Amino acid sequence: MNDLYPFIQKIGLVPVIKLDNPKGALALGQALIDGDLPIAEVTFRAESAAASIEILAKKMPNLLVGAGTVITLDQAKRARDAGAKFLVSPGFDEEIVDFALSHGLPMFPGVNNPTQVQQGIKKGFTVLKFFPAEASGGTAMLDALAGPFPQISFVPTGGIGPANLAEYARRKNVLAIGGSWMVPAKAITEGNWAEIARLCKEARQLKSSLS
C-alpha cells in the first residue's frame, strides 16, 4: 500500500471526477496526462463509474486510476474488478476498509475527527482522506490533528480550489489535495478536453510553486 503514497505525494493533487458517459473516458484520461496530472479518482456518483474505470485501467497504463465515493461493499468489489488501483470513501466504513485491506487494495477512508483517525490507526493506516475539509474546520482542524497524530498524513478534499490551495499545501501533514476544480463538470459534459488539460497544468504548476 505504501508504494502508492510517494507517487501521489509527488503529484500533489488528486482530481475528483464524475464521468457520466464512459465514452469520454479515454479523452479525459489523455487530458489529464497532457495536463501533467496522471491520476484520476473516478467517483461512483456516476452510474458508469465502473465502466469508466475499466476503460482507463486497461487502455491507459500511464494513468493511476482509482475509485472515489465508494460507500458500499458492492461498489468496492466492482471497483476492484474494474481495475481500480485505489479506493476512496467519504467516510470510515469498516466493512469496506476490511475488504480493501484483505485484498491488498490501497484505500483512503474519509475521516474528520479524532475518533475516526484512531479507527484508521487501529487498522494500520498512515494516510487518510480528510473530508469534507472546509466544512470540518479546514487547515485549523488539520493543525489540531497534527498534535496527537504526528504519524498520520491526510488527503483533504471538499471546498478546496485555487483560492485556498496554498493554505493546505503548506501543511506538513498533507500528502496531496483532492478536488474537482481542474476537471469541471461543464467541461466534461461539453468534451472540452483542451480546457481540462489547461486547468490541470495550471493546478499542477500552482501546487508545485507552493511546495
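The values are calculated or read from the model by the stated rules, or taken from the named source; none is laboratory data. Nothing here was measured: the structure is a model prediction, and the numbers come from that model. Virtual Cβ from ideal backbone geometry, glycine too; neighbours counted across all protein chains shown.
The figures follow:
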| item | result |
| --- | --- |
| Test: residue in region 186-202 that is in a loop (DSSP other than H, G, I, E, B) and either of a type in the set (Ser, Thr, Tyr) or closer than 25 Å to Leu26 by Cβ (or both) | yes |
| Residues being within 24 Å of Val155 (Cβ to Cβ) and touching a Gly at 6+ places or on another chain (Cβ under 8 Å) - total across region 18-44 | 6 |
| Residue, surrounded by the fewest Cβ atoms within 10 Å (Cβ to Cβ), within region 161-202, restricted to residues that are more than 23 Å from Ser89 (Cα to Cα) and either in contact with a Phe, Trp or Tyr (Cβ under 8 Å, 6 or more places away or on another chain) or aliphatic (A, V, I, L, M) (or both) | Ala163 |
| First in region 5-19 and touching a residue at least 12 places away in the same chain (Cβ under 8 Å) and within 18 Å of Ser209 (Cα to Cα), second anywhere and surrounded by fewer than 16 Cβ atoms within 10 Å (Cβ to Cβ) and of a type outside the set (D, E, K, R), Cβ under 8 Å, 6 or more apart | Gly12/Ser208; Gly12/Ser211 |
| Check on Ile121, surrounded by fewer than 20 Cβ atoms within 10 Å (Cβ to Cβ), in contact (Cβ under 8 Å) with a residue 24 or more places away in the chain, β-branched (Val, Ile, Thr) and farther than 30 Å from Glu190 by Cα | yes |
| Hits in region 151-179 (condition: out of contact with any Asp or Glu (no Cβ under 9 Å at 6 or more places or on another chain), touching a residue at least 12 places away in the same chain (Cβ under 8 Å) and in a loop (DSSP other than H, G, I, E, B)) | Gln151, Ile152, Gly161, Arg170, Lys172, Leu175, Ala176 |
| Candidates Leu105, Leu142 - the one that is over 18 Å from Ile8 (Cα atoms) and either buried (at least 18 other Cβ atoms within 10 Å of the Cβ) or of a type in the set (Phe, Trp, Tyr) (or both) | Leu142 |
| Within region 101-141, tally of residues that are more than 19 Å from the chain's Cα centre (by Cα) and aliphatic (A, V, I, L, M) | 3 |
| Residue check, Leu199 within 17 Å of Ser153 (Cα to Cα), of a type in the set (A, V, I, L, M, F, W, C) and either in contact with a helix residue (DSSP H, G or I) (Cβ under 9 Å, 6 or more places away or on another chain) or touching a residue at least 60 places away in the same chain (Cβ under 8 Å) (or both) | no |
| The one condition in (1) free of Cβ contacts under 8 Å to residues at least 24 places away in the same chain; (2) over 30 Å from Gly24 (Cα atoms) that Phe92 fails to fulfil | (1) |
| Test: residue in region 130-143 that is among the small types (Gly, Ala, Ser), within 28 Å of Asp81 (Cβ to Cβ) and touching a residue at least 24 places away in the same chain (Cβ under 8 Å) | no |
| Qualifying residue in region 20-28 (condition: in contact with a Ser or Thr (Cβ under 6 Å, 6 or more places away or on another chain), modelled with pLDDT of 95 or more and buried (at least 19 other Cβ atoms within 10 Å of the Cβ)) | yes |
